[in-house]
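Visitor: Just passing along the structure, written as structure tokens.
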Amino acid sequence: MTAQVITLTSGKGGVGKTTAVANLATALAMDGKRVVCMDGDIGLRNLDVVMGLENRIVYDIVDVIEGRCKLKQAMIRDKKLPEMYLIPAAQTRDKNAVSPSDMMRICNDLKPDFDFVIIDSPAGIERGFRNAIAPADKVLVVTNPEVSAVRDADRVVGILEAEEKGSPLLILNRLNPTLVKNNDMLSAEDVLDLLGIQLLGIVPEDENVVIGSNKGAPVVTDAKSRAGQAFRNIAKRLQGQDVPLMNLESQGGLWSAIQRLTGRK
Amino acid sequence: MNFFTRKKSASSAKERLQLVLVHDRTDLTPAQLEALKDDLLKAISKYIEIDPEAVQIGLERDGREQKLVADIPLRAVTRNRAG
């Protein structure tokens, strides 16, 4: 078995990268895949707390790189899913403690034992971002339907193309179907047209996401949550399954509402 | 504000982003684009008579490709051929 390395990045901070990493990793592990996720944000560790594993950390990625522990010792096993692991970021070290070649080496060591390695890139386009994309077989760009997030996502897509990382796939996070319907939020079509990349999935805005983070239990474990369903669908697509987009009852606005009322749709 | 004429914010978001992204991707500021236009018109005018008022030059997007699109109408010439 050789793992596929997938990096999630965004340019702008706060669009939901870490939440998406925690949810996709959890959904893949729930599907029986062997998954390890890596927090690439040296100095601003947070994937551990979103996954509810913050109390189990002994060693981190910089300890591995600087030889203070073996790779296996820094891998924290999930509380509920025995085939899911987290390699935490260092909290106190400086960012230059990790290089792109360190990331490649760690991923190569992990590949034989896993199906997926999922890397959470830090915001920005500096060293941490370069580290996170270096070992990636596939890059997913996360954005929100907001001007600042879309602009930064476009910068990241441009850099990925220049680095010949191939065209990334888009996760559009926190779409509010009501605002889209009222034409007060960019639609998925708008964002795809602007960025010119392929869509992997749309995650609707859902208060259960915050509730899940609060509990350290990613929202995919909530069977009723809409966002959870969206992330489970994305995880299936990453496994090569053809899962249709969820109906968000938003696209088309007034006209589709009239069509529904008149029974034409 | 009149409900029927209010421009919805998603449309302005998209229009503004279209412009911003074109300049981000080409690393060309609006001022540089103006300078490019002037130079281009000067160069063309050396060889052929054009109507500077009717010229349209701008950056356009096609997927992730950027294009410099120029529409340069030539001034009608009365040909004064000998013979």
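Visitor: Can you pull out the residues in region A:174-200 that are free of Cβ contacts under 8 Å to residues at least 24 places away in the same chain, aliphatic (A, V, I, L, M) and under 15 Å from B:L21 (Cα atoms)?
Guide: Residue satisfying the conditions is A:L192 alone.
Visitor: Quick one: in region A:143-163, which of the residues that are surrounded by fewer than 24 Cβ atoms within 10 Å (Cβ to Cβ) and of a type in the set (A, V, I, L, M, F, W, C) is nearest to the other protein chains (Cβ to nearest Cβ)?
Guide: A:V147
Visitor: Turning to a different aspect of this structure: Would you mind telling me which numbered condition in (1) in contact with a strand residue (DSSP E or B) (Cβ under 6 Å, 6 or more places away or on another chain); (2) of a type in the set (D, E, K, R); (3) modelled with pLDDT under 95 A:E249 fails?
Guide: Evaluating A:E249 over (1) in contact with a strand residue (DSSP E or B) (Cβ under 6 Å, 6 or more places away or on another chain); (2) of a type in the set (D, E, K, R); (3) modelled with pLDDT under 95 leaves (1) as the failure.
Visitor: Let me ask another. Residue under question is B:L40, and the condition is that it be in contact with an Asp or Glu (Cβ under 8 Å, 6 or more places away or on another chain), surrounded by 10 or more Cβ atoms within 10 Å (Cβ to Cβ) and modelled with pLDDT of 85 or more; does it hold?
Guide: Here the answer is no, as B:L40 does not meet what is asked.
Visitor: Output yes when any residue across region A:60-81 is in a loop (DSSP other than H, G, I, E, B), of a type in the set (G, A, S) and touching a residue at least 12 places away in the same chain (Cβ under 8 Å), and no when none is.
Guide: Within region A:60-81, not a single residue is in a loop (DSSP other than H, G, I, E, B), of a type in the set (G, A, S) and touching a residue at least 12 places away in the same chain (Cβ under 8 Å).
Visitor: Same structure again: Filter region B:1-18 down to the residues that are within 11 Å of chain A (Cβ to nearest Cβ) and at pLDDT below 90, then identify the one that is surrounded by the most Cβ atoms within 10 Å (Cβ to Cβ).
Guide: B:K8
Visitor: Starting from region B:52-66, keep only residues that are away from chain A (no Cβ under 14 Å) and exposed (fewer than 11 other Cβ atoms within 10 Å of the Cβ), then list their pairs with residues that are in a strand (DSSP E or B) and charged (D, E, K, R) whose Cβ atoms are within a distance under 9 Å, requiring at least 6 positions of separation or different chains.
Guide: Hits for this filter: B:Q56/B:D71.
Visitor: Hey, among the residues in region A:164-223 that are surrounded by fewer than 19 Cβ atoms within 10 Å (Cβ to Cβ), more than 9 Å from chain B (Cβ to nearest Cβ) and of a type in the set (S, T, N, Q), which one's nearest to A:E54 (Cα to Cα)?
Guide: For region A:164-223, the residue satisfying everything is A:N214.
Visitor: Moving on. Considering only region A:6-32, how many residues are part of a loop (DSSP other than H, G, I, E, B) and surrounded by 20 or more Cβ atoms within 10 Å (Cβ to Cβ)?
Guide: Count: 5.
Visitor: Shifting gears a bit: Out of region A:128-142, which residues are in contact with a Lys or Arg (Cβ under 7 Å, 6 or more places away or on another chain) and either within 14 Å of chain B (Cβ to nearest Cβ) or under 20 Å from A:N108 (Cα atoms) (or both)?
Guide: Answer for region A:128-142, where residues must be in contact with a Lys or Arg (Cβ under 7 Å, 6 or more places away or on another chain) and either within 14 Å of chain B (Cβ to nearest Cβ) or under 20 Å from A:N108 (Cα atoms) (or both): A:G128, A:I133, A:A136, A:V139.
Visitor: Something else now. Which one of A:D60, A:D137, A:D109 is of a type outside the set (V, I, T) and buried (at least 20 other Cβ atoms within 10 Å of the Cβ)?
Guide: A:D60
The values are calculated or read from the model by the stated rules, or taken from the named source; none is laboratory data. As the structure is a prediction and not an experimental result, all values here were calculated from the model. Cβ coordinates were reconstructed from backbone atoms using ideal geometry, including for glycine residues, and neighbour counts include every protein chain displayed.
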